[in-house]
Every structure is written in structure tokens, then in C-alpha cells.
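Participant: Following this message is one structure expressed as C-alpha cells.
The values are calculated or read from the model by the stated rules, or taken from the named source; none is laboratory data. Just so it is clear, the structure is predicted and the values come from calculations on it, not from any experiment. Here the Cβ is made from the backbone with ideal geometry for all residues, glycine too, and neighbour counts use every protein chain on show. Quick note on the areas: whole protein, heavy atoms, side chains included, nothing else; ligands and nucleic acids left out. Shrake-Rupley method; radii C 1.70, N 1.55, O 1.52, S 1.80 Å.
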Amino acid sequence: MDILEILRAALQQALGPQAIVFALAAIGLNVHFGYTGLLNFGQAGFVAVGAYGMAVTVVTFDAPFWLGILMAIVAPLLLAVVLGVPTLRLRADYLAIVTIASAEVLRFVFGAVETKDTFGGSNGLNGYAGPFQRANPYSSGIDLGVVSFGRNDLWSLTVGWILVAVCCVLVWALMRSPWGRVLRSIREDEDAVRSLGKNVFAYKMQALALGGVIGGLGGMFLALKQASVVPSDYSTLMTFYAFAALLLGGAGRVMGPVIGSVLFWFLIAGLGSFFSQSAGEGGWIPEVIMSDTQASLIRYIVLGLAIMLLMIFRPQGIIGDRREIAIDGR
Amino acid sequence: MDADMTDQSNSEIKTGPAGLAGVSTEPGAKKPDPILVADNITRTFGGLTAVDVEHVEIQRGAITALIGPNGAGKTTFFNLLTGFDQPNTGSWSLEGKSLKGVAPYKVARLGMVRTFQLTKVLAKLTVIENMRLGATGQKGERFWAAPFKFLWGAQEQSVTEKADDLLARFLLDKKREDFAGSLSGGQRKLLEMARALMVDPELVMLDEPMAGVNPALKQSLLGHVKSLRDEGRTVLFVEHDMDMVRDISDWVIVMAQGKIVAEGTPAAVMADQRVIDAYLGAHHDTDLSELDEERLEAEVEAEIAQEEDSK
Ligand SMILES: Nc1ncnc2c1ncn2[C@@H]1O[C@H](COP(=O)(O)OP(=O)(O)O)[C@@H](O)[C@H]1O
Ligand SMILES: [Mg+2]
């Protein structure tokens with residue numbers, strides 16, 4: 001058993017690009033669900049639209065790179081309007097149904113043969129990230145002892161974590177304001193907010209758009225880092241991982257989604273490394289009990305169990321406020 | 001009988017701000033200076049007609065009580081007037097401006113603010129945050145201004161001062177930093193009323209404001225409601241507490257089975273045979289909630305019997 005190897009694998013993921021993508025997706029979800037109480041089960045759709053918004057603009061339409069970046073923000077904004085206008089006046093569950101369906105529809109459209117000329121089919125799009133890679137100011141990678149990142153990764157991570165930090169500051173600034181107070185009030189009881197003269201629909205729309213755009217930035221980052229976009233990245237699994245990260249860290253807290261995402265990938269990678277060392281040849285778990293393949297999957301069971309236990313013993317998440325949970329919403 | 005009643009009420013009537021002296025006591029009576037006028041409002045739920053109001057006027061600057069047995073349609077009427085529910089027919093206007101089809105938040109902005117029979121406090125916000133939410137025209141509630149505290153910090157301070165003032169008046173200042181969800185039922189009623197006042201409404205509509213409020217507090221609440229009138233606001237409230245109705249209202253409107261069955265000064269209404277029949281019953285001073293229950297039971301039984309008959 002190589003503890004250092006487990007730690008290395010875990011940290012590499014916890015600080016790596018995956019954690020950034022899911023941190024951004026979860027920050028967006030936090031605006032939706034944690035602060036406003038909107039049930040968006042299609043965050044993957046917003047992430048995808050951010051990534052494709054940029055890639056399609058640059059590759060398919062041959063537009064300049066900066067316009068691609070702009071479209072990574074505009075496209076999720078449009079999606080929010082399209083989804084929000086018909087559903088946000090209705091009961092909360094309608095948004096949940098519409099978002100989960102639209103995220104899947106988008107993924108199929110992006111991957112379809114019929115739209116291959118625009119979206120590149122199941123192979124996706126590439127060849128748009130040149131300006132990003134050329135802007136890399138680092139001449140070499142970094143070796144921190146336990147973990148090390150190559151030159152390109154280091155550049156991506158720098159940009160990615162700055163993006164996360166900027167989003168966190170923005171969310172913090174917004175949520176301490178009267179605007180944020182209206183959002184949190186809508187989460188509690190929207191009729192009360194209406195009775196006080198606030199246009200609840202407009203606030204929900206703004207929240208949906210803001211959270212969607214932050215999710216879209218996650219897609220843009222993923223697309224820049226990978227230098228390609230493929231539809232299979234944006235499955236419902238992405239939404240559920242983002243929710244898991246959010247609940248793990250603590251919904252309705254500025255840093256909740258970030259801590260949750262880092263922890264989520266730390267555990268996934270750490271447990272993966274632990275079980276792959278433990279099972280199979282040379283491992284202490286005999287082949288009869290667990291095979292190699294099983295070892296690579298058991299981490300999801302353990303993680304699921306961990307989240308269940310967390311919800312039972314610490315339902316507010318790692319950094320949530322115990323007092324809030326103690327309140328019953330009579 | 002009517003003339004007789006007017007005589008009797010004239011000695012009782014509070015002149016001054018209410019200005020209701022000499023108003024007819026027929027249901028739907030014209031008022032000298034109505035702030036709210038409603039016509040032909042009906043609302044049915046399936047086969048049940050919950051509200052069927054032909055005409056009603058609410059006098060500006062007066063305290064009007066809306067009384068009636070449980071299920072009379074008072075809450076539904078409130079919901080219709082404030083846009084939280086849509087009527088099958090009818091029109092109504094505030095200060096001459098039609099409110100038909102106007103969204104609830106716009107109704108509130110026009111100066112008509114209501115509280116709920118089942119309180120709607122924002123459980124996971126503190127009491128003071130609940131109060132601050134009520135203030136209108138907050139610059140910091142606009143998305144683009146929100147991230148920049150220097151744009152709204154000063155206004156937030158004045159909002160907070162006003163909120164603290166009201167909290168002190170409603171004896172909730174000690175609960176300032178507590179989550180609203182930790183308040184008792186009576187305290188929630190108080191908070192909701194105080195929060196509604198943050199809007200600076202012209203017309204305050206209170207749905208059973210005294211339910212669950214302890215007797216000592218009731219007295220001071222009565223004082224607050226009266227002071228609202230003294231500030232020139234109009235108050236319309238639903239209440240089962242006859243002492244409160246008698247104490248503070250300038251005018252009483254009685255609803256039963258969706259219709260307005262009587263109007264008048266408190267003294268006149270409580271002496272009115274139609275009201276006694278519809279609501280107060282023979283035991284004028286016995287506990288009303290008990291009476292309501294009995295009545296409700298009787299009604300339900302009658303309904304069941306009717307349904308069985310029709311089969
Ligand atoms: N949403 C609803 N659906 C069906 N029936 C309703 C609804 N709201 C009220 N009612 C019925 O309308 C009648 C009037 O109710 P309500 O306005 O709450 O009476 P009150 O406030 O005077 O006690 C009652 O018979 C009630 O059962
Ligand atoms: Mg009622």
C-alpha cells in the first residue's frame with residue numbers, strides 16, 4: 001500500500017481541471033438552488049452551451065477568439081431565457097422537468113449526425129484553443145513534491161482558479177446585497193415576497209441567468225483546457241456530480257460549492273487509487289471478493305454512502321450553518 | 001328598523017377621520033370617500049361559490065372590519081382583491097385605478113398590502129432581514145447595483161433604522177437577530193404585520209392579525225392599528241375577536257356564504273338581527289371559535305344531507 005501514491009492521485013484531481021469545472025457548475029447551481037430555491041436539474045446543459053457557444057463561434061463560423069469567449073457567456077444567457085420564460089411562473093417542479101429534459105435534448109442535438117456540420121457530431125469540435133495556448137506565460141511546469149503539473153496544465157489551472165475566485169467574489173457581493181436578500185426570500189416563500197411588491201418572476205429569471213452563465217464559464221474552461229468539445233462530457237452525470245459537490249460543501253454558502261467540488265474529486269481519485277492498489281495482483285483484498293473492475297467502481301458506492309451519512313449527520317454540508325437546519329419551515 | 005338603527009348608531013359613531021356618519025347600513029352602502037370599490041366579484045371552487053360580492057366600498061382613512069363565520073369567503077376575497085387569486089367575474093379598483101388582472105406585486109406597489117391568515121415569514125432569514133425586505137424602492141435590489149455596496153449602503157442604513165423602529169413598536173426588538181422560523185405563532189403574526197408596514201401602504205389588509213397573539217400584546221396591537229388610521233392610512237381587517245372589532249373599527253362589514261349580508265358601525269352591526277342569525281348566534285358573548293365549530297358542523301351535516309337528497 002502506497003499512501004503517498006493515494007494522496008498524490010487525490011490531490012492531483014482535487015486541484016486539477018475537473019475540480020474547477022465542477023466548482024463552476026456547482027457555484028451556478030448554488031445561485032439557483034442554494035440561494036433562490038430553483039430546481040435546475042439540467043446544469044450540464046448550461047455547461048455544454050457555454051462550451052459549444054465558444055467552439056461553434058470560432059470553428060464553424062470562423063469568428064475571432066474573443067467573440068467565442070463572449071458567446072460562451074451569451075449562449076447560456078439565452079438558454080436561461082428560453083427555459084425560464086415558460087416555467088418560472090409555474091410551480092417549482094416544472095423548471096426541474098424542463099431543465100433535465102432540455103439538457104439531454106441539447107446533448108443529442110450537439111452529437112447528432114444531422115447537425116455534424118455545425119456541432120461536429122460525436123467527435124465534437126476542436127481547433128479553437130490556439131490563442132489560449134499561445135497566451136501561456138509559463139516556460140515550464142511545476143513540481144510541488146506530492147503533485148506536479150505540466151506547463152499547459154499549469155496555465156489552465158491558473159486561469160481556472162482565477163475564474164472560480166472571481167465567481168465566488170461576485171456571488172459573495174451579490175448575496176450580501178438587498179438583491180441577494182430578495183433571492184433568499186423567494187427560496188423561503190415567494191408569495192410573501194410578492195405581497196411586498198417585488199417582481200418575483202424577474203428575480204428568478206436573473207438568478208437562473210446568473211447561475212447558468214457561471215455554469216457556462218465552467219464549460220468554456222473545460223473546452224479551453226481540453227482544446228476540444230465532445231457531447232458525451234455533458235451528460236446528466238455532470239449535473240448530479242455538481243449537485244453532490246454542492247450538497248457536500250454546503251448549499252447557500254459562498255465557498256460551499258468550491259470546497260465541495262475539491263473534496264468530491266479528492267475522494268473520487270483517492271478512493272480510486274486506494275481500491276486499485278488493494279484489489280487485483282499484490283493487493284490485500286483477495287480476487288474472490290473483489291476483482292480489478294469492481295475495484296474501479298466501488299469508490300462510487302463508498303462515496304454515495306459518505307454523502308448519505310453526511311446528509312444524516314450534517315445535513316447543512318461541510319460549512320453550512322447548523323442553525324438553519326434546525327429551523328422548521330412551518 | 002333601519003331608521004331605528006341609525007339613531008342608535010349615531011350616538012356611537014366616531015366622527016373625525018372616518019367620516020362615516022350618516023352612511024346607510026344596507027349591504028354595499030355608498031361611502032363618502034371610498035379608497036377601494038368592488039363590483040360583482042364572484043369566485044367559485046367547483047360547485048361552491050366562495051365569494052359573491054355585489055358591491056362594496058371601503059372608506060379611506062377608516063378602520064373597517066370584515067367579519068363572518070369560518071368559510072364565509074373572507075380570505076378568498078382578500079386573495080382576489082390583492083391579485084393572488086383570479087375571480088370568475090367582477091371588477092374592482094383602488095383609488096379609481098382598476099386592479100383587474102394586475103399582478104400581486106404591482107398591487108402591493110400601488111399601496112395595497114396584505115398579510116396572510118397562515119403566516120408567511122421567511123423562516124431562514126433573521127427577523128431584521130424579514131423587515132428590511134419589506135422596504136420599497138431599494139437601489140440595492142437591482143442586479144447591476146447590488147455588487148457595489150457604496151451604491152446602496154446608505155439606503156440600507158435608513159431602511160434598517162425604520163425597521164428597528166417598527167420592531168421596537170411591535171416588541172420584537174429582542175428577537176432582531178433570531179431566525180424568523182424560531183418565532184412563535186403570535187410573534188409571526190406581529191412580524192408579518194410589521195413587515196407589511198415597511199412598505200408604507202395606503203391600504204393595509206390584515207387577515208386575522210390577532211390569532212395567537214397573547215392578550216397583553218393585543219392591547220398594544222390595537223394601539224398600533226389605531227395609530228395607522230391616525231397617520232392617514234386605511235385598514236381593512238378580518239377578525240374573529242369581537243372585542244377588537246368593537247374597540248377599534250369604525251365600520252363593520254359582515255360576510256356569510258360569500259355574500260355581504262350587513263354593514264354598519266360596530267354597535268349597529270352587533271345589534272342587527274341578520275348578523276346575529278348569520279354569525280353571532282344567540283350566545284352573543286360566548287366563545288366564538290366554539291360557536292363557529294358548532295355552526296360548521298351543522299353546515300357540513302346539512303350539506304351531506306342535501307347531497308344525499310339529490311342522489
Ligand atoms: N383553493 C381552494 N379550493 C377549494 N375551495 C376553497 C379554496 N379556497 C377556499 N375554498 C373554500 O371557499 C370557502 C371560503 O373560504 P375562505 O375564504 O378561506 O373563508 P374564511 O376566510 O372566511 O374563513 C370555504 O368553503 C373554502 O373551503
Ligand atoms: Mg380566512
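Participant: Looking at the range B:43-61, which of its residues are within 16 Å of ligand 1 (Cβ to nearest atom) and not basic (Lys, Arg)? Walk me through it before giving the result.
Facilitator: So the first thing to find is which residues in the range B:43-61 are within 16 Å of ligand 1 (Cβ to nearest atom), and the list is B:43-53, B:56.
B:44, B:45, B:46, B:47, B:48, B:49, B:50, B:51, B:52, B:53, B:56, listed by residue number.
Participant: Let me ask something else about it. If you take the residues of the range B:131-141 that are assigned to a loop (DSSP other than H, G, I, E, B) and more than 7 Å from every other protein chain (Cβ to nearest Cβ), which of them is farthest from ligand 1 (Cβ to nearest atom)? Show your work before the answer.
Facilitator: To start, the set of residues in the range B:131-141 that are assigned to a loop (DSSP other than H, G, I, E, B) comprises B:135-138.
Still in the list and also more than 7 Å from every other protein chain (Cβ to nearest Cβ): B:135, B:137.
Working: B:135: 29, B:137: 32 Å.
This residue is B:137.
Participant: Moving on to the next point. Have a look at A:94, A:35 and point out the one that is more than 22 Å from residue A:220 (Cβ to Cβ) and free of Cβ contacts under 8 Å to residues at least 40 places away in the same chain.
Facilitator: Details: A:35 fails: free of Cβ contacts under 8 Å to residues at least 40 places away in the same chain.
Every option except A:94 fails the conditions.
Participant: Moving on. Has the range B:76-86 got any residue that is farther than 26 Å from residue B:226 by Cα, within 12 Å of ligand 1 (Cβ to nearest atom), open to solvent by less than 30 Å² (accessible area, probe 1.4 Å) and among the aliphatic types (A, V, I, L, M)?
Facilitator: No, because not a single residue in the range B:76-86 is farther than 26 Å from residue B:226 by Cα, within 12 Å of ligand 1 (Cβ to nearest atom), open to solvent by less than 30 Å² (accessible area, probe 1.4 Å) and among the aliphatic types (A, V, I, L, M).
Participant: So, in the range B:90-126, of the ones that are within 16 Å of ligand 1 (Cβ to nearest atom) and polar (S, T, N, Q), which residue ends up nearest to residue B:60 (Cα to Cα)?
Facilitator: In this case the residue turns out to be B:115.
Participant: Being among the β-branched types (Val, Ile, Thr) and within 13 Å of ligand 2 (Cβ to nearest atom) is the filter here; which residues of the range B:61-102 pass it? Spell out how you get there, then give the answer.
Facilitator: The initial filter retains those residues of the range B:61-102 that are among the β-branched types (Val, Ile, Thr), namely B:63-64, B:67, B:75-76, B:82, B:89, B:102.
Of everything in the range B:61-102, those that are among the β-branched types (Val, Ile, Thr) and within 13 Å of ligand 2 (Cβ to nearest atom) turn out to be B:67, B:75, B:76.
Participant: Taking the options A:224, A:170, A:263, name whichever one is under 20 Å from the mean Cα position of the chain (by Cα), within 14 Å of chain B (Cβ to nearest Cβ) and assigned to a helix (DSSP H, G or I). Talk me through it step by step, then tell me what you get.
Facilitator: Numbers: A:224 fails: within 14 Å of chain B (Cβ to nearest Cβ); A:263 fails: within 14 Å of chain B (Cβ to nearest Cβ).
Criteria check complete, one pass: A:170.
Participant: Also, quick follow-up: Return yes when residue A:68 is open to solvent by less than 10 Å² (accessible area, probe 1.4 Å) and farther than 19 Å from residue A:103 by Cβ and no when it is not. Before the answer, list the steps.
Facilitator: On the way: open to solvent by less than 10 Å² (accessible area, probe 1.4 Å): yes; farther than 19 Å from residue A:103 by Cβ: yes.
The answer is yes for residue A:68.
Participant: On to the next question. What about residue A:147, is it more than 26 Å from residue A:212 (Cβ to Cβ), in contact with a helix residue (DSSP H, G or I) (Cβ under 8 Å, 6 or more places away or on another chain), in contact (Cβ under 8 Å) with a residue 60 or more places away in the chain and open to solvent by less than 50 Å² (accessible area, probe 1.4 Å)? Walk me through it before giving the result.
Facilitator: On the way: more than 26 Å from residue A:212 (Cβ to Cβ): yes; in contact with a helix residue (DSSP H, G or I) (Cβ under 8 Å, 6 or more places away or on another chain): yes; in contact (Cβ under 8 Å) with a residue 60 or more places away in the chain: yes; open to solvent by less than 50 Å² (accessible area, probe 1.4 Å): yes.
It is true that residue A:147 is more than 26 Å from residue A:212 (Cβ to Cβ), in contact with a helix residue (DSSP H, G or I) (Cβ under 8 Å, 6 or more places away or on another chain), in contact (Cβ under 8 Å) with a residue 60 or more places away in the chain and open to solvent by less than 50 Å² (accessible area, probe 1.4 Å).
Residues are listed down the side, and each one gets a yes or a no for (1) more than 22 Å from residue A:195 (Cβ to Cβ); (2) among the small types (Gly, Ala, Ser); (3) within 16 Å of ligand 2 (Cβ to nearest atom):
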residue: B:181; (1), (2), (3): no, yes, no
residue: B:190; (1), (2), (3): no, no, no
residue: B:199; (1), (2), (3): no, no, no
residue: B:204; (1), (2), (3): no, no, no
residue: B:215; (1), (2), (3): yes, no, no
residue: B:219; (1), (2), (3): yes, no, no
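Participant: Something else: How many residues does the range B:235-252 contain that are within 14 Å of ligand 2 (Cβ to nearest atom) and in contact with a Leu (Cβ under 6 Å, 6 or more places away or on another chain)?
Facilitator: Here is the first cut: in the range B:235-252, the residues within 14 Å of ligand 2 (Cβ to nearest atom) are B:236-241.
Next, from what is left, pick out any that are in contact with a Leu (Cβ under 6 Å, 6 or more places away or on another chain): B:237-238, B:240.
The qualifying residues number 3.
Participant: Which pairs have Cβ atoms under 8 Å, sit 6 or more apart or on different chains, and link a residue in the range B:115-130 that is within 8 Å of chain A (Cβ to nearest Cβ) to one that is open to solvent by 20 Å² or more (accessible area, probe 1.4 Å) and aliphatic (A, V, I, L, M)?
Facilitator: The qualifying pairs are B:123/A:327; B:124/A:327.
Participant: Right, something else. Please enumerate the residues belonging to the range B:215-246 that are open to solvent by 30 Å² or more (accessible area, probe 1.4 Å) and in contact with a helix residue (DSSP H, G or I) (Cβ under 6 Å, 6 or more places away or on another chain).
Facilitator: B:226, B:240, B:246
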